[in-house]
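The values are calculated or read from the model by the stated rules, or taken from the named source; none is laboratory data. Source: prediction; values computed, not measured. As a convention, Cβ positions derive from the backbone with ideal geometry for all residues, glycine included, and neighbour counts pool all protein chains shown.
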Amino acid sequence: ETQALEAQFDATVAADRRIEPRDWMPEGYRKTLIRQIAQHAHSEIIGMQPEGNWILRAPSLRRKAILLAKVQDEAGHGMYLYAAAETLGVDREDLTERLIDSRQKYSSIFNYPALSYADIGVIGWLVDGAAICNQVPLCRCSYGPYARAMIRICKEESFHQRQGYELLLAMVNGTDTQREMVQESVNRWWWPSLMMFGPPDGDSPNTQQSMAWGIKRHTNDELRQRFVDMSVPQAAALGVTLPDPDLRWNADRGAHDYGEPDWAEFKAVISGSGPANAQRVAHRRRAHDNGAWVREAAQAYADKQAARTKE
Ligand code: ACO
C-alpha cells in the first residue's frame, strides 16, 4: 500500500500539482518542510529586532509610520509561516522552544546589527530584495500551504523592498554625509546579503533532494547570481559602489562575475557566534517569558468557554 501512496505522491510532484496536509507524504519530505518553514518563520520573527530598534529614532512621523508597518508585517509573516508548519503536525509552542534553545536556525542575516538609519534603507533594498529573489520561486513550492503563504508574503516583501529603495533615493539626493552613510551601510550589508542564499551548491547538503521534491525550484548559487545581476543596475542608479573588486560583467556568460563571500564567517554566524546571535536569542526568550501571562489568560478563557458550551 505504501508503494501505491508513494507512486501517487511522486506523480503529484511530477505533474507540478500541490501536496496538501491530508495527503500521504514521505517522512523526509515532511521533515525537510518543517525544518525550512520553521527556520523561515523564526527568521521573520527575529528579523523584527534589527529594524524595531530604529522605530523610536526614525527621523519623521512618515518614516516612523512606514517602519512600524513594516515590522508589523514581519510579525504577520512569522504567523502565517508557523500556521503553515502546524499543518505538518508540529506545534508552534514547540517550535518557539526550539528557537530559544538554539536548536533551530534562523537566517544568518539577522545576526548583524543595524547601526545607522541608512541601514533601514539598505535592509529594505538588499535584505528584502534577496528575500524576494529566494521566495518568489517558493510560491510554486510543491507543498500547498507553504506556497500559498508565500504569495502574500512576497507581495508585502516587495513593498518593503521599494520603501527601502525610496528611502535610499532620498538619502543619496541629500547631503554628502547622507551619501557617505548609504555607502558605509552598503559596504557592511552586501556580503551578508549574498550569504542569505545559503552555502555554495557544492556544500549544500539539502538542495538536490529539496529540488527533486519541488520544495526548492533553484539552487542557492542560481538565486545568488540572479540577485547580483539584479542589484548591479540598482546600485548604479543610486550612485553607490558594491564592495567587490571582482564584480564585472561577463559577456560570455551573460551574467556578472563576482567574488567569493567569506564562508568561514557564514559558518560562524549560523553556528551561533555571529555579532548579534546571543543578543537576538536572549531578546526573543525574554519576550516569550514576558508574554507567558497572556498565553495563560487566553488558555483560561478558552477553557471557560469550552466548559460553558458543555453545560
Ligand atoms: N542562514 C542560516 N542558515 C542557513 C542559511 C542562512 N542564510 N543558509 C543555509 N542555512 C543552513 C540550512 O538551514 C542548513 O542547515 P540545517 O540542515 O541544520 O537546517 C545548512 O545551512 C545547509 O544549507 P542548505 O543545504 O543549502 O539548506 P537549504 O536547502 O534549506 O537552503 C535556504 C537554505 C536557501 C535558506 C532555504 O532553506 C530557503 O530557501 N529557506 C526559505 C527562505 C528563508 O528562510 N528566508 C529567511 C530569510 S528572509 C526574511 O525573512 C526576510
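No other residue among ARG248, ARG253 is surrounded by fewer than 17 Cβ atoms within 10 Å (Cβ to Cβ), without any contact (Cβ under 8 Å) to a residue 60 or more places away in the chain, touching an Asp or Glu at 6+ places or on another chain (Cβ under 9 Å) and not polar (S, T, N, Q) apart from ARG248.
Would you check which residues across segment 30-80 are of a type in the set (Lys, Arg) and farther than 16 Å from ALA131 by Cβ and list them?
Within segment 30-80, ARG30, LYS31, ARG35, ARG57, ARG62, ARG63, LYS64 meet the criteria.
If only residues of segment 201-224 that are assigned to a helix (DSSP H, G or I) and in contact with a Phe, Trp or Tyr (Cβ under 8 Å, 6 or more places away or on another chain) are counted, the one that is surrounded by the fewest Cβ atoms within 10 Å (Cβ to Cβ) is ASP203.
The residue pairs whose first member lies in segment 96-122 and is under 15 Å from GLY272 (Cα atoms), whose second member is within 12 Å of the ligand (Cβ to nearest atom) and among the hydroxyl-bearing types (Ser, Thr, Tyr), and whose beta carbons are closer than 7 Å, counting only pairs six or more residues apart or on different chains, are LEU99/TYR106; TYR106/SER43; SER107/SER43; ILE109/SER193; PHE110/SER43. Being within 25 Å of GLN163 (Cβ to Cβ) and either surrounded by 19 or more Cβ atoms within 10 Å (Cβ to Cβ) or within 16 Å of the ligand (Cβ to nearest atom) (or both) holds for only one residue in ALA75, ALA65, and it is ALA75. For segment 1-29, the set of residues classified as under 30 Å from GLU93 (Cα atoms) and either part of a helix (DSSP H, G or I) or of a type in the set (Ser, Thr, Tyr) (or both) consists of PHE9, GLU27, GLY28, TYR29, listed by residue number.
Restricting to segment 76-93, name every residue that is in contact (Cβ under 8 Å) with a residue 24 or more places away in the chain and either touching a helix residue (DSSP H, G or I) at 6+ places or on another chain (Cβ under 6 Å) or not in a helix (DSSP H, G or I) (or both). Within segment 76-93, HIS77, GLY78, TYR80, LEU81, TYR82, ALA84, ALA85, THR87, LEU88, GLY89, VAL90 meet the criteria. Restricting the first residue to segment 160-187 and requiring it to be modelled with pLDDT of 95 or more, which pairs with a second residue that is among the hydroxyl-bearing types (Ser, Thr, Tyr) meet a Cβ separation below 8 Å and a spacing of at least six or different chains? Listed by first residue and then by second, the contacts come to MET181/SER116; MET181/TYR117; GLN183/THR241; GLU184/SER116; SER185/SER116; VAL186/THR241.
Cβ-Cβ contacts under 6 Å between residues 6 or more apart (or on different chains), taken from a first residue in segment 194-215 that is under 18 Å from THR12 (Cα atoms) and within 9 Å of the ligand (Cβ to nearest atom) to a second residue that is part of a loop (DSSP other than H, G, I, E, B) and among the basic types (Lys, Arg), are listed as SER210/LYS216.
Among the residues here, VAL294 does not qualify as under 28 Å from ILE45 (Cβ atoms), among the β-branched types (Val, Ile, Thr) and either within 16 Å of the ligand (Cβ to nearest atom) or in contact with a strand residue (DSSP E or B) (Cβ under 6 Å, 6 or more places away or on another chain) (or both).
If you go through segment 100-125, how many residues are away from the ligand (no atom under 11 Å from the Cβ) and on the phi < 0 side of the Ramachandran plot?
Of the residues in that region, 14 qualify.
The set of residues from segment 260-275 being touching a residue at least 24 places away in the same chain (Cβ under 8 Å) and not in a helix (DSSP H, G or I) comprises PRO261, ASP262, GLY274, PRO275. Among the residues of segment 30-50, none qualifies, meaning not one is farther than 30 Å from SER193 by Cβ, more than 12 Å from the ligand (Cβ to nearest atom), in contact with a Gly (Cβ under 6 Å, 6 or more places away or on another chain) and assigned to a helix (DSSP H, G or I). Could you please let me know if CYS139 is within 11 Å of the ligand (Cβ to nearest atom) and either under 30 Å from GLU20 (Cβ atoms) or in a helix (DSSP H, G or I) (or both)? For CYS139, the condition - within 11 Å of the ligand (Cβ to nearest atom) and either under 30 Å from GLU20 (Cβ atoms) or in a helix (DSSP H, G or I) (or both) - is not met.
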